[in-house]
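To start, the structure under review is shown below, and the notes come after it.
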Amino acid sequence: MANSDPQPTQWSAETLAVHAGFEFDPQTGAVMPPIYATSTYAQEAPAQTKGYDYSRGDNPTRTPLQKALAELESAQGAYVFGSGMAAIDAVLQTMKSGDHLIAGNDLYGGTVRLFNRVAVDRGLTFSYVDLSNPEALKAAIQPATRWIWFETPTNPMLQVIDINQVVSIAKPHGVKVGVDNTFMSPLLQSPLAEGADVVMHSITKYINGHSDVIMGCLMANDEELLARLKFIQMSVGAVPSPFDCFLVLRGIRTLAVRMRQHEANGRAVAEFLNQHPGIETVFYPGLASHPGHAVAARQQRGFGGMVSIVLRGGQTAAHRLLTGTRLFKLAESLGGVESLIQHPASMTHASLPAARRAEVGIVDGLVRLSCGIEGTQDLVDD
């Protein structure tokens, strides 16, 4: 690259999505990274390598993906894992028995399951707090608190958490802040710029965008934390395959244009449902009536394609909708090019006790929509 060419830090997010992480293969000129399906690498002499020795530690297809993710999130480093849950668990691996984590009270059910049914057996403790309430957060901090972990917007209630406010409360206590940025993608929100210590994405969702890969990642700026996460990635070995890394690199190239259409569809569907007589409540931060709208407008660069609704007819009406759509496919997950519809109480959040679901608003009439990139009017009609 000539010195007169723009540097990546000067590029727009749209340009980074296309070019981040890889220019071309110097040996062949290939404009996409080759798939290095190898487990080990020949060494010139003992411990003299070309940068790779064993693919659990590093792989030449994984390297440009991690570089691209770091550039997109404006992070010093990024590491990918075999799933979003493996990425979250890597953060828990930085803690020791007796340490405490404060979590948002509205989280993906799988995250709560990891905390309550796996990590507690390692001696970790957890508190669940409404992080939109600063006094509740202050009261929850203990001498053993090491992390605050939350999603924003949350899954499935689409609550918006003020990242900077959480950081300002955490830092005087030496507590680190981790943000699950899956619903927004790096295109629409930058938690590190708000002061977060680590950002997590379920790459399975918007970043890959094609519902054909399971993967997670962590991004951070602190060199000591990055070194620890890298050691955990290599030692535990919950790493994705070279083929999956290649697929995600392909997916990233269209992230900007996909997010634009996801948001256009999410906004249109939310506005339509907000006027529909059969809908009791619409949860979408892009609506001015949403209680987190002002915070979302400040810390996000858009409102995304996720919409949750409560139907007036409860579970009966929800079942009719869930089984009646044609374009919105009844399936778990989100963030793919295709639109999906699902029932949190019996699907993604079924592992939560009924009392806990009721506490955060996951009622039987709640339905979550992931608006894909189809024609806007087609989705509204559906």
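The values are calculated or read from the model by the stated rules, or taken from the named source; none is laboratory data. Note that this is a predicted model, so its numbers are computed, not measured. Every residue, glycine among them, receives a Cβ derived from its backbone with ideal geometry; neighbour counts consider all protein chains shown. With ligands, DNA and RNA removed, areas are computed over all heavy atoms of the protein, side chains included. Shrake-Rupley method; radii C 1.70, N 1.55, O 1.52, S 1.80 Å.
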Any residue on another chain or 5+ positions along whose placed amide H is under 5 Å from the amide H of Val118 is listed here as none
Per residue of region 213-227, what does 6.51 cos²θ - 1.76 cosθ + 1.60 with θ = phi - 60° give for ³J(HN,Hα)? Whole Hz please, x for Gly and Pro, Karplus curve as stated. 9, 10, 6, x, 8, 10, 10, 7, 10, 6, 5, 5, 5, 4, 5
Counting only the heavy atoms of the protein chains, how much of Val160 is accessible to a 1.4 Å probe, in Å² to the nearest 10? 20
Taking K and R as +1 and D and E as -1, what net charge do the other residues with C-beta under 14 Å from the C-beta of Gly278 add up to? +1
Quick calc, Leu330 & Asn164: beta-carbon distance into FRET formula, R0 51 Å, rounding 0.05, result 0.85
Rounded, prolate or oblate, given the Cα gyration tensor of region 110-207, with a/c below 1.5 counting as rounded? oblate
Compactness index (Cα Rg / 2.2 N^0.38 Å), region 187-237: 1.29
With the Cα gyration tensor of region 170-271 in hand, give its eigenvalues times 5 under a square root as the equivalent ellipsoid semi-axes, listed largest first in whole angstrom. 26, 21, 10
Centre separation in Å (Cα based) which lies between region 219-275 and region 48-113: 11
In Å, the Kirkwood estimate of hydrodynamic radius for region 241-318 over Cα pairs equals 14.4
Put Lys176, Lys67 in order of accessible area, largest first, 1.4 Å probe: what do you get? Lys67, Lys176
Please compute the modelled spin-label separation between Met32 and Ser235, points set 7 Å along Cα→Cβ, answer in nm with one decimal. 3.6
Under 5 Å from the placed amide H of Val177, counting only residues 5+ away or on other chains, we find Ile148, Asp197, Val198
Please give every one of the lysines within straight-line cross-link reach of Lys329, meaning a C-alpha to C-alpha distance under 16 Å, and leave out same-chain neighbours fewer than 8 residues apart. Lys205
Would you mind telling me the share, in percent, of accessible area of the chain contributed by carbon and sulfur at probe 1.4 angstrom? 53
At each listed q (0.14 Å⁻¹), what is the log10 of I(q)/I(0) that the Debye formula gives for region 1-156 modelled as equal alpha-carbon point scatterers? -0.92
Report the FRET efficiency, 1/(1 + (r/R0)^6), for Val380 and Arg250, where r is their Cβ-Cβ distance and R0 is 22 Å, rounded to 0.05. 0.15
Dipole magnitude (debye, nearest 20) for region 252-362, charges at Cβ of Lys, Arg, Asp, Glu: 240
Find the accessible area per residue for region 259-382; the probe is 1.4 Å, ligands and nucleic acids are left out, and the unit is Å². 44
If each of Gln142 and Tyr41 carries a label point 7 Å out from its Cα toward its Cβ, how far apart are those two points in nm? 4.3
Quick one: helix 242-252 against the long Cα principal axis of the chain, what's the angle to the nearest 10°, folded into 0 to 90? 60
Sorted list, accessible surface of protein heavy atoms, 1.4 Å probe, largest first, for Ser370, Ser351, Ser346 is Ser346, Ser351, Ser370
Residue separation between Glu338 and Asp222 times 0.36 nm, minus their alpha-carbon distance, gives in nm 38.1 nm
At a probe size of 1.4 Å, how large is the accessible area of Lys96, to the nearest 10 Å²? 130
As computed over the chain, the Cα convex hull volume per residue (Å³): 152
How many angstrom lie between the C-alpha centres of region 345-382 and region 152-215? 20
If DNA, RNA and ligands are ignored and the probe is 1.4 Å, what is the ranking of Glu223, Glu374, Glu135, Glu14 by accessible area, most exposed first? Glu223, Glu135, Glu14, Glu374
